[in-house]
Amino acid sequence: MTSVIIAGAGVGGLYLAGILEKKGYDVTVIEKNLIDNLSYNWHDDVERNTFVEAGIPIESLDYHLKQDWSFAMFGSKNITKISIPDSLKDLSIHRRSLAKILISQCLKTKFLFSHIIEKPIIKDSCVIGVSTNKGDFFADLIIDNCGYNSPIRSQLPDEAIIDRNYSEDEVFHVYRAFWERKKDIERSFHTNKAYLRHMGRKGISWAIDKNNEVDILVGSVERISDSEIDAALVDLKIDNPVIGEKTRSEGKYVIPVRSPIRKMIWNGYALLGDSAFMTIPMLGSGINSSLKCGKILSEIIFKCEGDFKEEKLWEYQVICYKGFLYQHFSVDIMKRWLLKAKLSDISFISDKGLVNAEEMAFIASGKPFELSFSSMVKKAIKGFSNPALLLALLKTLNKGKKAMRIALKIPTYYTKNAFLQWANKLNSIFD
């Protein structure tokens, strides 16, 4: 019987475990946390079709419809509400509840909780197992679902040609809290505000009025001090008087916000979820990509028939990239530009409508932002007084389109030289 270890109980890995066990695979999930502490204790927005395609009954989920958002950029008084019909809205899914539902569907999978993975076990240029604080475990295939700071990926040898680390601007430092809501204040027109470059930081903040509580996020690609968080909360409370005086829960987290890893496989090894940086680069949600990639990976595992050389596993990455992950490169480039732009330019962008709130919402959802010729002409007229900024914006959009084109040209078959040539060309866009 073919054995598979899924390292980390992320959503994509749990979903994959359920598929594999039904096909007769010997599956073990190794997770550092206890079952009650899996995943994040909050809701994330996910496209409805994601669960339909995954075969997960929507009625079994703990969710509510995503609320209408209002976007604001630093220094601008323009706040635009994005209204979407209920039938088209994303589902706001409780992550921890989803994890428990996926576990409940795994009837044969072995779960090893409170096992801290320390490093990969490698033999003859192949990952054959993992070392944990409670012993070594071996399998025919290791699925790395450990997260952005995976101890497996970070200790792979050079010959794997897999990025082991990440740069500071590729993760998002987040304060996330749920505050009591003042009961004597009615909901305002802008019930859910997202602030790009809030208080000048390289990041975003938001305040979401959920009737019985207020969901607060303060995030940045740079580390945030307690005093910076306190100052952001004061500012958010002024602009959102529904925020009460006490928190129901709060914490600090780190979330990956970059384009997908350039190589997701090696001999006996495949990356999934946050370990492969599958999150939307603008906001960090990765449920959609993880579930889709988990299903694709299961199909490639079946095709491999126990032979998990990188040449055979490569098809998993090709299908994921060409199917949807290529879009994340355009979003990543736009994100990096917006976070590095001058604050005066950010306010100009909003005031003149060079990138309006509706377009920002589109980018934040993970979709590549493109302009028609007529739209470009209109933006040229609006940005006439700041031609350098307009040219920088158009250059950024063109870079994003170029990155997507290169990502889509991923080699159909794996060879070291073909991969390196493609990856180097893709990486050069970010230089």
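The values are calculated or read from the model by the stated rules, or taken from the named source; none is laboratory data. Remember, predicted model here, so these are calculated numbers, not experimental data. Neighbour counts are summed over all protein chains in view; Cβ atoms, including those assigned to glycine, are modelled from backbone coordinates with ideal geometry.
Points worth noting:
- From 154, 131, 150, residue being among the polar types (S, T, N, Q), crowded, with 21+ Cβ neighbours inside 10 Å, modelled with pLDDT of 95 or more and at negative phi: 150
- Boolean, residue 206 is closer than 23 Å to residue 77 by Cβ, outside the structural domain of residue 344 (by TED's automatic domain parsing) and among the aromatic types (Phe, Trp, Tyr): yes
- Of all residues in the range 184-234, those that are part of a helix (DSSP H, G or I) and crowded, with 16+ Cβ neighbours inside 10 Å total 6.
- Test: residue in the range 380-395 that is at pLDDT 65 or above and within 30 Å of residue 264 (Cα to Cα): yes
- Residue 59 out of contact with any helix residue (DSSP H, G or I) (no Cβ under 8 Å at 6 or more places or on another chain) and under 28 Å from residue 177 (Cα atoms): yes
- Filtering the range 26-49 to residues that are of a type outside the set (Asp, Glu) and in contact with an Asp or Glu (Cβ under 9 Å, 6 or more places away or on another chain) leaves 27, 38, 42, 43, 46, 48.
- The criterion of at least 1 residues that are free of Cβ contacts under 8 Å to residues at least 60 places away in the same chain, among the charged types (D, E, K, R) and over 30 Å from residue 224 (Cα atoms) is met by the following strands (runs of 3 or more DSSP E) wholly inside the range 66-171: 135-138.
- Some residue of the range 13-23 being free of Cβ contacts under 8 Å to residues at least 60 places away in the same chain and not β-branched (Val, Ile, Thr): yes
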